[in-house]
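Since the structure comes first, as structure tokens, the remarks are kept for the end.
Read-outs: derived from the displayed coordinates by stated rules, not from any lab. Since we're looking at a predicted model, the values are computed, not measured. A quick note on method: Cβ atoms are made from the backbone with ideal geometry, for glycine too, and the neighbour counts reach across all protein chains shown.
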Amino acid sequence: MNWIKTIPDDTTKNQLIGNVAWNWANNDLTSASAYALTMPPGSGQNSLINAVSNQMAGRDPSKAIDWVNQLPEGEGKMGAINNVLNQWANNDTASAASYVQSMPDGPARQNAMQSVVNNWAQNDPAAAAKWITNFPDGNQKNNAYSNIANNWANNDPVQAATWLTQLPNGASRDAAVRSFSSQVFNTDPESADQWAESITDPNARQSQVSSILQRWMQTDPTAAAAMVQKSSLPAEQKTRLLQQAANHQ
């Protein structure tokens, strides 16, 4: 691939690199990784970084992380971190999680945390949930709890429900309950509604209860109407939903 290094940095070169990046990284990882570090920021560098990080992660994720940390801050580095951690988490989630905890706070750490949680939630949601308790409150933690609840509800709703009952009230629990409620609706709409009613934030609770009841109307408007009457929704909203239920009957 020495010929491509002699081409001036422009749109044509970026397109060429995008076309050959995967083959280059696969056939000569040492050369591709070294050249990626010398390229100016742009789509060409991002393409090569993406290819190199995927190849490296499959061979040695810790070495891949060391290489990624040499990259300048930007889109390419962010994507590379996610590539490496996704593959690392597939093979050794605990080690990937340990690395994320050692990262300095910032966008890269937040994205990395989400990558690990997304993987862990599919394979071992209980372990993922335990790990996330170590992180500070905020949107990242809320999103992680939502992801865990969604996967856990799909695979083992009983254990997921037990976990939810142990969570303290707050935004993270509300996010998890909302996700759980949406997931279990298909098998138990009444339970989904009851969980939605347990959301502590008034606006979030109203939104989720309304969403569940509207979905329920599509399959059983009579049961949905009865639950509307019992709901915590404001009177005006109840009236609208009851009219919708009547239209479905």
> Helix 139-155 versus the longest principal axis of the chain: what angle, 0 to 90°, nearest 10, using Cα atoms?
Replying inline: 70 degrees
> How high is the FRET efficiency from Asp60 to Asn186, r the C-beta distance, R0 51 Å, rounded to 0.05?
Replying inline: 0.75
> In whole Hz, what ³J(HN,Hα) sequence does region 120-133 give by Karplus (6.51, -1.76, 1.60; θ = phi - 60°), x for Gly and Pro?
Replying inline: 5, 4, 6, 9, 8, x, 5, 5, 4, 5, 5, 5, 5, 4
>> Compute the helix-to-body angle for 171-184: its Cα long axis versus the longest principal axis of the chain, expressed 0 to 90° and rounded to tens.
In response: 80 degrees
> For region 57-64, in order, what is each residue's ³J(HN,Hα) by Karplus, 6.51 cos²θ - 1.76 cosθ + 1.60 with θ = phi - 60°, in whole Hz (x at glycine and Pro)?
Replying inline: 4, x, 9, 7, x, 5, 5, 5
> How many nm is it between the label spots at Asn90 and Ser232, if each spot is 7 Å from the Cα in line with the beta carbon?
Replying inline: 4.2 nm
> From the phi of every residue in region 208-224, what ³J(HN,Hα) in whole Hz does the Karplus formula 6.51 cos²θ - 1.76 cosθ + 1.60 yield, where θ is phi - 60° and glycine or proline is x?
Replying inline: 6, 4, 4, 4, 5, 5, 5, 5, 5, 4, 5, 10, 8, x, 5, 5, 5
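Assigning unit charges at the beta carbon (Lys, Arg +1; Asp, Glu -1) and nothing else, what dipole magnitude in debye, to the nearest 20, does the chain show about its Cα centre? Don't jump to the answer; show the numbers that get you there.
Working: 15 positive and 20 negative charges, 28 e Å.
Roughly 140 debye, rounded to the nearest 20.
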> Taking H as built 1.01 Å from N, whose amide H comes closer than 5 Å to the amide H of Gly170, not counting residues under 5 places away?
Replying inline: Thr200
>> Among 217-226, 41-50, how do they line up by average Cβ neighbours within 10 Å per residue, starting with the highest?
In response: 41-50, 217-226
>> Test of understanding: what is the full-extension gain from Thr30 to Thr133, defined as 0.36 nm times their sequence separation minus their Cα-Cα distance?
In response: 33.2 nm
> Based on the alpha-carbon gyration tensor of region 1-123, what equivalent-ellipsoid semi-axes (square roots of 5 times the eigenvalues) come out, in whole Å, largest first?
Replying inline: 27, 14, 11
